[in-house]
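Read the structure below first, then the notes.
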Amino acid sequence: MRVLITGADGQLGGALLRNAPSHADLNAIDVDDVDFTDLGMLRARLVVEAPEVIINAAACTNFDAAQRDEGLAREVNADAVAVLVAGMAETGGKLVHVSCDCVFDGAATRAYLPDDAPNPLSALGRTKAAGEAHLRPQDLLVRTSWLYEAGGTNFVRAMIAQMRERDEVAAASDQMCSPTWATGLARTIWALIERQAAGIFHHSDVDIVSRYDFACALAEEALALGLLDRGPTIRPIPAEDAQASPRSSRFSPLDCGATRAFLGDEAGEWRTNLRLMLQAEAQLG
């Protein structure tokens, strides 16, 4: 199975490479290899690679950057996806595309199901939803939320940096979601590919948590592992006070029941996975 992983230098791309099955014939590209805003270059690279499966982990995920330049975010999050789909249509291959909870508006009173209609409120959400719309029934869409990985650029490592610098940090107590360890997501993606899954699947760690409760757990775990010298005070605040414009919905957990039933296993609980990630972070030094 010839597999091309895009966004290979990102936290999910790295996790996909580390957890790939031994029989996969892997190739990986990132922005240093292909400019995803240059659609002609991207098409040409697909011809050279001739993959049977593309796992698209490349994306513009920076909320502020997408708000400033929605057109640029759309080129990466939607237009490039259309090129990948067209390439797979020519060769009979499959696109595995990764999206996120930002395509939903947060107005639901229960976790979002795979077939719930997207209703994005932000530029990031709109461009991600536009990318999803290019997929064919035979492709695989995997949505996730609050993604983090050891050594990556993510909210967990940003929180730790704040905790090292400040005696007190604030976190929203009314912003709810399910965090996701990229290693667990990568394993789920490979398992879905092995089972020839198609359509929409959700994956996140088990259980729902607020930003505030997550920050409290993070401080406790990081202190125990020596990643912090002291435990800061964590102050709960409303989401509207946490930032000038909310980066994600107030309530955006994903219902992953169908994914777990299809694969016949259970994703790890969020605090267990957070501990595993921090253990790996501690080993990085």
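The values are calculated or read from the model by the stated rules, or taken from the named source; none is laboratory data. Bear in mind the structure is a predicted one, so any value in this text is a computation, not a measurement. We place every Cβ from the backbone using ideal geometry, glycine too, and count neighbours over all the protein chains shown. These area figures cover heavy atoms from the full protein model, side chains too; ligands, DNA and RNA do not enter into them. Shrake-Rupley method; radii C 1.70, N 1.55, O 1.52, S 1.80 Å.
Judged by the ratio a/c of the largest to the smallest principal axis of the C-alpha gyration tensor, the range 170-226 counts as oblate, that ratio being 1.5 or greater while a/b is no larger than b/c.
Of all DSSP beta bridges confined to the chain, the antiparallel ones make up roughly 5%. Ordered from largest to smallest accessible area (heavy atoms of protein chains, 1.4 Å probe), the residues 177, 60 come out as 60, 177.
In percent, rounded to a whole number, the relative contact order of the chain is 20, using alpha-carbon pairs under 8 Å and six or more apart. When the surface is traced with a 1.4 Å probe over the full set of protein chains, residue 94 keeps roughly 40 Å² accessible.
Each part reduced to its alpha carbon centroid, the range 58-84 and the range 121-153 end up 10 Å apart. Projecting label points 7 angstrom from Cα along Cα→Cβ for residue 72 and residue 90 puts them 2.8 nm apart. Quick check on the range 1-64: take the gyration tensor over C-alpha atoms, sort the square-rooted eigenvalues as a ≥ b ≥ c, and tell me if it's rounded (a/c under 1.5), prolate or oblate. Since a/c reaches 1.5 but b/c is at least a/b, the shape of the range 1-64 is classed as oblate. Positive contributions from Lys and Arg (+1) and negative ones from Asp and Glu (-1), summed over other residues with Cβ under 12 Å from the Cβ of residue 72, come out at -3.
Against the main long axis of the alpha-carbon atoms of the chain, helix 270-284 sits at an angle near 90°. Between 0 and 90 degrees, the angle of helix 80-91 with respect to the longest Cα principal axis of the chain falls at about 40 degrees. Determine the shape class of the range 143-195: with a ≥ b ≥ c the square roots of the Cα gyration tensor eigenvalues, call it rounded for a/c under 1.5, and otherwise prolate if a/b is greater than b/c, oblate otherwise. It is oblate, given that a/c is not under 1.5 and a/b is not larger than b/c. Computed on protein heavy atoms with a 1.4 Å probe, the accessible areas place 47, 206 in the order 47, 206, largest first. Per-residue SASA remark: residue 134, around 80 Å² accessible (1.4 Å probe; ligands, DNA and RNA not included). For the range 211-239 and the range 157-173, what is the centre-to-centre distance using only Cα atoms, to the nearest Å? Comparing the Cα centres of the range 211-239 and the range 157-173, I get a distance of 7 Å. Applying D = kT/(6 pi eta Rh) to the range 61-181, where Rh is the Kirkwood radius over alpha-carbon pairs, T corresponds to 25 °C and eta to 0.890 mPa s, the Stokes-Einstein value obtained is 152 µm²/s. Surface calculation, 1.4 Å probe, protein heavy atoms: residue 18 sits at approximately 150 Å² accessible.
Relative to the present Cα-Cα distance, how much length would full extension add between residue 31 and residue 280 at 0.36 nm per residue of separation? Extra length available between residue 31 and residue 280 comes to 87.1 nm.
As a length-normalised measure over Cα pairs under 8 Å and 6 or more apart, the relative contact order of the range 137-283 settles at 36 percent. Over the residues of the chain, the helix contribution to mean residue ellipticity at 222 nm works out to -12000 deg cm²/dmol, using -39500 (n - 2.57) for each DSSP H run of at least 4.
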